[in-house]
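Enquirer: Structure provided below as C-alpha cells; questions to follow.
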Amino acid sequence: MVQIVPHASTPLYPPVWDSGLSLRSNFDSRPLLAQLYVAFTEVGARPHDQSRLLLELDRLEELHAPTYRHCLRVGILAKDIALFVQQDSGTTLFVDPRATLLVDPRAALYAGLLHDVAKDQIPIELHEKRKGWTDDDQRCIRTHVLEGYERLKLRYAFTAEIVLLHHTFQKDPYPTVLPDYLHPYSETTRKLIRGCALTVALADCYDSLHRLNDCCCEGGDLTPQEIRAQMLARYPGQVEMLGKLFDYKVL
C-alpha cells in the first residue's frame, strides 16, 4: 500500500484558522511558502516556472493576503491529491459521467496556485465580507474564472484550461458557457485537463469550507466531521475517492 506524507512538517492547516476569506491578516506566509518550495521539488518544477507562478500572485498578495495564502494551500493540496491518485494502486482514477479522468501532480499544483489569480480584481470589501452575501456578490465573485482564464491563456495555456473548469463540477456550475479548447488536444489530454480541474476543485472546496464566513456554508466554523460530510454531499460521484483521501489524511 502506498505510503504518503501529504504535507511538510509544518501543518498545512494551523490550529487557528487563516481563512481564505477571513478578516485575519496577521498570519505569516513563510511557512506555506516553504511547503510550496518542497512541493515544487516534488513535481520537478523548473526554477523559472516557480518564479513566474509566484509573480502572477504578487498583486493578490498585496490586495488580500488571506486569499493569496488560500491559493498556496490549494496548490499544495491539489498536488497531494494528484500524487495520492497516481501512487495508490488501489485507487480508481476520478470518474465523471463521461469518462475516466487522469491527473498530473505538477499540472494540479500549477493550476491550484493560479485558480483564483483574477481575484485581485475583486473589491477588497468583498474579500472581507463575512455574512449577508447577495446574488450580486456571487456574480462579482464568479467573474474570476473567465478573467483568470483570459489572463493566463497566452502564457500558460494548459493551466488556463484547468482553471477554466475548476467550478464546473459543483451542483451550481459555472461558467455556464465555455470557450473552445485553445488547441486541438488529444482525448487523453482532455481527460488530463478535466482530471486536474476536478483535483483543484476538491482542494479548493476543502480549503474554502474552513473559512469564517457564510459564503459557502451558513455559519462557518465547521468541525472536521462536518467538513467531511459537506465534501461527500457536494461531490457524490467521488464518495469512494474522498473516503480514501480522508482516511489516509490527505484531507
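The values are calculated or read from the model by the stated rules, or taken from the named source; none is laboratory data. As the structure is a computational prediction, the values presented were derived from the model and not from experiment. As a convention, Cβ positions derive from the backbone with ideal geometry for all residues, glycine included, and neighbour counts pool all protein chains shown.
Enquirer: Could you please find all residues in segment 38-65 being within 17 Å of the chain's Cα centre (by Cα), at pLDDT 90 or above and part of a helix (DSSP H, G or I)?
Expert: Listed by number, the residues that qualify are ALA39, PHE40, VAL43, LEU53, LEU54, GLU56, LEU60, GLU61.
Enquirer: Does segment 102-128 hold any residues that are in a loop (DSSP other than H, G, I, E, B) and in contact with a helix residue (DSSP H, G or I) (Cβ under 7 Å, 6 or more places away or on another chain), and which are they?
Expert: LEU102, VAL103, ASP104, HIS115, ASP116, ILE122
Enquirer: Only one of VAL85, VAL117, VAL145 is touching an Asp or Glu at 6+ places or on another chain (Cβ under 6 Å) and either modelled with pLDDT of 90 or more or of a type in the set (A, V, I, L, M, F, W, C) (or both). Can you tell me which?
Expert: Being touching an Asp or Glu at 6+ places or on another chain (Cβ under 6 Å) and either modelled with pLDDT of 90 or more or of a type in the set (A, V, I, L, M, F, W, C) (or both) holds for just one of VAL85, VAL117, VAL145, which is VAL117.
Enquirer: So, one more: Might you let me know whether segment 151-163 holds any residue that is closer than 27 Å to ASP247 by Cβ, of a type in the set (A, V, I, L, M) and modelled with pLDDT of 90 or more?
Expert: Scanning segment 151-163, I find at least one residue that is closer than 27 Å to ASP247 by Cβ, of a type in the set (A, V, I, L, M) and modelled with pLDDT of 90 or more, so the answer is yes.
Enquirer: Can you say whether LYS191 is touching a residue at least 40 places away in the same chain (Cβ under 8 Å), over 27 Å from GLN121 (Cα atoms) and outside any helix (DSSP H, G or I), as far as the supplied structure shows?
Expert: No, not satisfied.
Enquirer: Then there's this: Go through HIS144, HIS167, HIS183 for me and flag whichever is on the phi < 0 side of the Ramachandran plot, crowded, with 17+ Cβ neighbours inside 10 Å and not in a helix (DSSP H, G or I).
Expert: HIS167
Enquirer: Now, a different point. Out of PRO184, PRO179, PRO173, I need the residue that is at pLDDT 90 or above, within 21 Å of ALA78 (Cα to Cα) and not hydrophobic (A, V, I, L, M, F, W, C). Which one?
Expert: PRO173
Enquirer: Also, I was wondering about something else. Taking segment 204-223 only, how many residues are modelled with pLDDT under 90 and out of contact with any Cys (no Cβ under 9 Å at 6 or more places or on another chain)?
Expert: 12
Enquirer: Looking at PHE246, PHE158, which one is under 18 Å from the mean Cα position of the chain (by Cα), in contact (Cβ under 8 Å) with a residue 24 or more places away in the chain, in a helix (DSSP H, G or I) and within 21 Å of GLN86 (Cα to Cα)?
Expert: Going through PHE246, PHE158 in turn, just one is under 18 Å from the mean Cα position of the chain (by Cα), in contact (Cβ under 8 Å) with a residue 24 or more places away in the chain, in a helix (DSSP H, G or I) and within 21 Å of GLN86 (Cα to Cα): PHE158.
Enquirer: Looking at ASP172, ASP136, ASP120, which one is free of Cβ contacts under 8 Å to residues at least 12 places away in the same chain and farther than 17 Å from LEU202 by Cα?
Expert: ASP136
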